[in-house]
1. Could you name the lysines whose alpha carbon sits less than 22 Å from that of LYS175, not counting residues in the same chain fewer than 8 places away?
2. For the chain, compute Rh as the Kirkwood radius over C-alpha pairs and then the Stokes-Einstein diffusion coefficient at 37 °C and 0.692 mPa s; write the answer in µm²/s, rounded to an integer.
3. Report relative contact order for the chain in percent, whole number only (criteria: Cα-Cα under 8 Å, sequence separation at least 6).
4. Can you spot the lysines whose alpha carbon is less than 17 Å from LYS77's alpha carbon? Ignore those fewer than 8 places along the same chain.
5. If contacts are Cα pairs under 8 angstrom and at least 6 residues apart, what is the relative contact order of the range 131-206 in percent?
6. With springs connecting C-alpha atoms under 10 Å apart, model the chain as a Gaussian network and identify which of ALA113, ALA89, ALA125 has the largest mean-square fluctuation.
7. Stokes-Einstein at 37 °C, 0.692 mPa s, Kirkwood radius from Cα pairs: D for the range 88-177 in µm² s⁻¹?
8. Would you work out which of LEU170, TYR105, ALA124 lies farthest towards the positive end of the dipole of the range 97-175? Charges go on Cβ: Lys and Arg +1, Asp and Glu -1.
Amino acid sequence: MRPQPDFIHEFVAGKSNRTLLLLHGTGGNERDLIPLGHELDSNAALLSPRGKILENGMPRFFRRLAEGVFDLEDLQKRTRELADFVISAAQFYKIDNRQIVAVGYSNGANIAASTLLLRPETLAAAVLFRAMVPLLPETQPDLSSKRVWIGAGDSDPIIPASETKQLAELLRSAKADVTIRFFQSGHELTNDDVDLAREWLTKVVD
Ligand code: MLT
């Protein structure tokens, strides 16, 4: 028997070959985004790990020094760890590792963006709700086969619009196909985010 992938996680089998890798925000857990995953693609398998870092008891995917100030060494280490988890989970659950789409919110969106930049082979596409520039990679990845949807709040107190645009530019400079949408909201997710992301996902063909 193969060992269990080494993150606490939920897995929900799907009816298609696509898997949504669900990445929660600070203080969330592996169950948080399961309903969102079903809403975004009711046929996809769902793989939802819990971040291993605890900040005052709140799970996160990597350490930060202050709000919006990341521990870059830890971020790189945790990004590799998450990418390795996805590889072992894909083997364990027999999912197609070429059809994994990250769906991240806030801290989860930031590690999803970091995964695109440092371990791009892990993901076919990504939906990033309320994401920031996680890091600037030393070498530019080739993201020419990657599609990314970014949903931002136009009055997000944590992420200024300029930061979201900078993330889009960073991904575009690596040749990713990026769609960016601004919503009348703050850091919280809205129904419009979910509706537009769902519509976009139906067009991201295998
Ligand atoms: C982060 O730390 O990833 C961002 O500040 C978003 C958050 O988790 O609040």
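A short reminder: the numbers here are calculations on the coordinates, not readings from a lab. Since the model is a prediction, treat every value here as computed from it, not as a measurement. Cβ placement follows ideal geometry from the backbone for every residue including glycine, while neighbour counts extend to all protein chains displayed.
1. Output for LYS175: LYS146, LYS165, LYS203.
2. Stokes-Einstein gives a translational diffusion coefficient of 197 µm²/s.
3. The normalised contact order for the chain reaches 18 percent.
4. By straight Cα distance, LYS77 reaches LYS52.
5. 37
6. Among ALA113, ALA89, ALA125, the largest GNM mean-square fluctuation belongs to ALA89.
7. The diffusion coefficient I find is 247 µm²/s.
8. ALA124
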